[in-house]
Amino acid sequence: MSKKEYLKKWRENNKERVRGYDKKYYERDKEKVRKKKLEYYYKNKDKVKDKRNIYAKKYYKKNKDKILKYQKKYGKNNKEKLKKYREKYYHKNKNKIKRYNKDYSKKNKGKVKEIIKKWRKKNPKKIKGYDKKYYEKNKKKIAEKSKNYRKNNRKKVLQRGKKYRINNKEKIREYRQKNRKLISLIEQKRRARKMKVIHDFSTKEWVAKLQATNGVCPNCQQFVGIDKLTLDHIKPISKAKNGEIYTIDDVQPLCKSCNSSKKDKVIDYANTD
Ligand SMILES: [Zn+2]
């Protein structure tokens, strides 16, 4: 048996005594021990860290229930404190956290999606508020994104729309009846897009213009009701350039018969005598 082995064995057999010695030695040479420990640590940082991690993992595995219980209890008793701490930590490490989260979701796409889905199902009320806020903040970005998506997934989007229409016939009919005005504008917009001109005004603006007529056609002066007035392009689309922009001042409400008899003429009924 080598001296080293002998010593090891002896220490194992005399644990109490060894502990006493170590304590005494430590008390007497605190600084020295500390320095030595530090030196060792700096020389073997990675090794020490690995060892510590392994030990911590082992300890956690062995005492999981105990630790979780303790954490739960601590969290309950220190809600405010923890909240403040988390906020402070977040502010201090914002960029780091954001980067980490981004990396993590990139690496664990499926998992993250699943978690979000579950959470959304569990918290529908919260989600509504969040979505609204998020939408208001990122309107332009979202519109751009969905436009790109539609462009790149034309077939998929079309198929999905077809399926939805088949499965929700009743719902769609009801919606159409309720939103006739809006729908006719949407259809006009679609038509305009097809003809390669751009409608640069909102539904709100258009509805305001409709309401200003009190339901009377500006050309024949007949009352037809706001719902029956149609959108007319003052300069007909057939005469517009590709990509020409129509603002709210470039369109007008007309009754159906005036609209179709106007044909290719450029007439702004609001500004003629
Ligand atoms: Zn008319």
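Tabulated results
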| item | result |
| --- | --- |
| Hits in region 233-243 - residues which are surrounded by fewer than 16 Cβ atoms within 10 Å (Cβ to Cβ), of a type in the set (Lys, Arg) and assigned to a loop (DSSP other than H, G, I, E, B) | Lys241 |
| Residues of region 156-215 that turn out to be surrounded by fewer than 11 Cβ atoms within 10 Å (Cβ to Cβ) and outside any helix (DSSP H, G or I), as a count | 1 |
| All positions within region 233-273 that are more than 10 Å from the ligand (Cβ to nearest atom) and touching a Leu at 6+ places or on another chain (Cβ under 7 Å) | Val251 |
| Per-region count, region 217-232, residues within 9 Å of the ligand (Cβ to nearest atom) and either surrounded by 15 or more Cβ atoms within 10 Å (Cβ to Cβ) or not assigned by TED's automatic domain parsing to the domain that holds Lys262 (or both) | 5 |
| Every residue from region 249-265 that is touching a residue at least 24 places away in the same chain (Cβ under 8 Å) and in contact with a strand residue (DSSP E or B) (Cβ under 9 Å, 6 or more places away or on another chain) | Val251, Gln252, Pro253, Leu254, Cys255, Lys256, Cys258, Asn259, Lys262 |
| Any chance Tyr59 is without any contact (Cβ under 8 Å) to a residue 40 or more places away in the chain, surrounded by 11 or more Cβ atoms within 10 Å (Cβ to Cβ) and over 30 Å from Lys37 (Cα atoms) | no |
| In region 177-216, residue farthest from the chain's Cα centre (by Cα) [restricted to those that are within 16 Å of the ligand (Cβ to nearest atom) and without any contact (Cβ under 8 Å) to a residue 40 or more places away in the chain] | Val216 |
| Residues (within 57 Å of the chain's Cα centre (by Cα) and farther than 20 Å from Lys51 by Cβ) located in region 22-34 | Tyr26, Lys30, Glu31, Lys32 |
| Filter pass, Lys141 being charged (D, E, K, R), modelled with pLDDT of 85 or more and in a helix (DSSP H, G or I) | yes |
| Qualifying residue in region 182-200 (condition: in the same structural domain as Lys235 (by TED's automatic domain parsing) and of a type in the set (Gly, Ala, Ser)) | yes |
| Residue under evaluation Tyr246, criteria (1) in contact with a Ser or Thr (Cβ under 8 Å, 6 or more places away or on another chain); (2) surrounded by 18 or more Cβ atoms within 10 Å (Cβ to Cβ), criterion not met | (1) |
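The values are calculated or read from the model by the stated rules, or taken from the named source; none is laboratory data. Remember, predicted model here, so these are calculated numbers, not experimental data. We place every Cβ from the backbone using ideal geometry, glycine too, and count neighbours over all the protein chains shown.
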